[in-house]
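Undergrad: One structure is given below, represented as structure tokens, and several questions about it will come after.
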Amino acid sequence: MAADISEKLLSDKEVKLKDKLWDETKKMWVIAAPAMFTKFSTFGVTVISHSFVGHIGSNELAAYALVSTVLLRFGNGILMGMASGLETLCGQSYGAKQYHMLGLYLQRSWIVLTVATTLLLPLYIFTTPILRALGQKEEIAKEAGLISLWLIPVTYSFVASYTCQMFLQAQILAYWLPNIGQLMFVICGGCKETWKGFSSLAFKDLWPVVKLSFSSGAMLCLEFWYNSILVLLTGNLKNAMVQIDALSICLNINGWEMMISLGFLAAACVRVSNELGRGSAKAARFSILITATTSFVIGFLLFLFFLFLRGHLAYLFTDSQDVAKEVQQLSPLLAFSILMNSVQPVLSGVAVGAGWQSIVAYVNIGCYYLVGIPVGVVLGYVFKLQVKGVWVGMIFGTLVQTIVLLIITLKTDWDKQVLLAQQRVKRWLVEAKTNADSQIA
């Protein structure tokens, strides 16, 4: 009799675990799949452009690589990072059922990001002298300066794109709509509970949004700029033209695959922030486990695929056999970078969801700039390993950062994080009520 009862209890637990796994997996893919589609298709524009430019000539390919990988990534990193602060604010507010706050946070982010974009314009206008000062070749710097001017309207489009994506994904909605569609969807009744119309309150209490936006911006910029520095260092090596061309091809392939990982970053961020706002530490931990495991399995399969593919993809971007040969030599590093991408973004997503952006920014400074870059410079320049040495150093920095974030995540008291999230939401509510009362008066 006791054995029958025990067997029944075990069976019930097994069923509950299966249901729990299926439920969390569905919630994860509802966020991750459209995020991947959006980022993958959007980044595809850059990859296709890179392919067309590469077949024009090596000089044009190197110039486009510098602009897209260094300059655009620099601006992109700032805006995406600042917009990710909206993920924390909207995600935790939505989890706490304070829906009316999401629309206000969206408007405040528009204001903050538009100002930030305008401040970035000198980088695009003075690209040529900046690249000259960094030691890049004259013909490449000059060509890059022309390309960068055409990217100014693209940079402003990121304001609407990133903020609307963060706003919609916090509600677990599909957000693969283009920018205009996103705005129309938000403003014209698609989010009745969370968008209450334009309000002058958006101009009040901007400091919490600015503070979190800058923390988020610092965190993600330090990651985005890491690869940019890799390209800049390569520009000062021997046979720089071939090295930059080969590296830019590898980074484009890596970047395109990274869009899959960013989908899991979004899923980890939204699920963690929603569960913390809802008050469930156990559910937050479980969502981290499911998202990290799924991302790693997919990353490992892609690691094997690119490891065996070697340099064959290079001919999509160039007709040069020298460049294709260099890409083939870099392929093992590309495959390993892709494997690293399957873990690190998920941990970053957890950090954003929990509001740890400031902590991760310091981790990134230490791991990337005090470990990764110095090791890369020593291997590339002192030991004469050229671009491979620089890249190995960068991968080492990413590995150290991943280990540190993993330790932080494992040692976190998630019950305490729930209390902090609820206190944060209550503070926002008090501020919103005070502003509303003062506006009525």
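Undergrad: What Rg and what Dmax come out for the chain when only alpha-carbon atoms are used, in angstroms?
TA: Values for the chain (Cα only, Rg and Dmax): 22.9, 85 Å.
Undergrad: Taking the Cα centre of the chain as the origin, how large is its charge dipole in debye, to the nearest 20, when only Lys and Arg (+1) and Asp and Glu (-1) carry charge on their Cβ atoms?
TA: I would put it at about 820 debye.
Undergrad: A further question follows. If R₀ is 45 angstrom, what is the calculated FRET efficiency for the pair MET184 and GLN321, using the beta carbon separation as r and rounding to 0.05?
TA: 0.40
Undergrad: So, with a 1.4 angstrom probe, what is the percent of accessible area on the chain that is carbon and sulfur?
TA: Carbon and sulfur atoms account for 70 percent of the accessible area of the chain.
Undergrad: Roughly what angle does helix 152-169 make with the longest principal axis of the chain, taking Cα atoms, 0 to 90 degrees, to the nearest 10?
TA: Rounded to the nearest ten degrees, it is 30.
Undergrad: Which order do peptides 42-51, 364-373, 387-396 fall in by mean Cβ count within 10 Å, highest first?
TA: Order by mean packing, descending: 387-396, 364-373, 42-51.
Undergrad: Specify the angular offset, from 0 to 90 degrees and rounded to the nearest 10, of the alpha carbon long axis of helix 2-54 from the longest principal axis of the alpha carbons in the chain.
TA: It is inclined by approximately 40 degrees.
Undergrad: On to the next question. From the residues SER280, PHE303, LEU347, which one has its Cα farthest along the dipole of region 273-427 in the positive direction, the dipole being from +1 and -1 charges on Cβ of Lys/Arg and Asp/Glu about the Cα centre?
TA: Selected residue: SER280.
Undergrad: So for region 179-326, averaging the separation of alpha carbon pairs under 8 Å that are six or more residues apart and normalising by length, what relative contact order in percent results?
TA: Computed over region 179-326, the figure is 19 percent.
Undergrad: I'd like the distance between the alpha-carbon centres of region 396-411 and region 53-90, rounded to an integer number of Å.
TA: Using only Cα atoms, the two centres lie 25 Å from each other.
Undergrad: Then there's this: Who wins for biggest fluctuation among CYS188, CYS90, CYS164 in a Gaussian network model of the chain, springs between alpha carbons below 10 Å?
TA: Residue with maximal mean-square fluctuation among CYS188, CYS90, CYS164: CYS188.
Undergrad: Let me ask you something else. Using the Cα centre of region 1-159 as the reference point, and only Cβ charges (+1 on K/R, -1 on D/E), how large is the resulting charge dipole? Debye, rounded to the nearest 20.
TA: Value, rounded to 20: 280 debye.
Undergrad: A follow-up question, please. Rolling a 1.4 angstrom probe over the protein chains, ignoring ligands and nucleic acids, what is the accessible area of LEU301 in square angstrom, nearest 10?
TA: About 110 Å², rounded to the nearest 10.
Undergrad: So with the 1.4 Å probe, I'd like the accessible area per residue for the chain, rounded to whole Å². Let's see the in-between values first.
TA: Details: 19510 Å² over 441 residues.
For the chain, the per-residue accessible area is 44 Å².
Undergrad: log₁₀ I(q)/I(0) of region 330-380 at q = 0.20, 0.28 Å⁻¹, via Debye over equal Cα point scatterers, no solvent, to two decimals?
TA: The Debye formula, applied to the Cα set alone, gives -0.86, -1.04.
Undergrad: Two decimals is fine: what is log10 I(q)/I(0) at q = 0.14, 0.16, 0.17, 0.23 Å⁻¹ for region 285-361, from a Debye sum with one equal scatterer on every Cα and no solvent?
TA: Result of the Debye calculation: -0.59, -0.69, -0.73, -0.95.
Undergrad: When only alpha-carbon atoms are used, what values of Rg and Dmax, in angstrom, describe region 341-409?
TA: 13.2, 42
Undergrad: Hey, could you grab the Kirkwood Rh for region 286-441? Inverse mean 1/r over distinct alpha carbon pairs, Å, one decimal.
TA: One over the average 1/r among Cα pairs gives 18.6 Å for region 286-441.
Undergrad: May I pose another question? By how many nm would the segment from PHE126 to PHE203 grow when fully extended, if each residue of separation counts as 0.36 nm and the alpha-carbon distance is taken off?
TA: Extending this stretch completely gives an extra 24.5 nm.
Undergrad: What value, in deg cm²/dmol to 500, does the helix sum -39500 (n - 2.57) over DSSP H runs of n ≥ 4 give at 222 nm once divided by the residues of the chain?
TA: Helix-only estimate at 222 nm: -27500 deg cm²/dmol.
Undergrad: Among the listed pairs LYS39/LYS192; LYS238/LYS384; LYS39/LYS137; LYS238/LYS325, which are separated by more than 21 Å between their Cα atoms?
TA: LYS39/LYS192; LYS39/LYS137
Undergrad: How many angstrom lie between the Cα centre of region 335-379 and the Cα centre of region 219-289?
TA: Cα centres, region 335-379 to region 219-289: 9 Å.
Undergrad: Just to confirm the filter: which trypsin sites (Lys or Arg not before Pro) across region 8-101 are DSSP coil and have at most 11 other Cβ within 10 angstrom of their Cβ?
TA: Passing both the DSSP loop test and the Cβ count: LYS97.
Undergrad: Any idea what diffusion coefficient region 193-246 gets from Stokes-Einstein, in µm²/s, Kirkwood Rh on alpha carbon pairs, 25 °C, 0.890 mPa s?
TA: 165
Undergrad: For region 58-136, take N as its residue count and report Rg(C-alpha) divided by 2.2 N^0.38 Å.
TA: Rg over 2.2 N^0.38 Å, computed on Cα atoms: 1.51.
Undergrad: Can you tell me the Rg and the Dmax, both Å, for the Cα atoms in region 200-288?
TA: 19.2, 57
The values are calculated or read from the model by the stated rules, or taken from the named source; none is laboratory data. This is a predicted model, so every value here is computed, not measured. Heads up, the Cβs are rebuilt from the backbone with ideal geometry, glycines too, and the neighbour counts pull from every protein chain shown. Note: accessible area is taken over every heavy atom of the protein model, side chains too, but ligands, DNA and RNA are not part of it. Shrake-Rupley method; radii C 1.70, N 1.55, O 1.52, S 1.80 Å.
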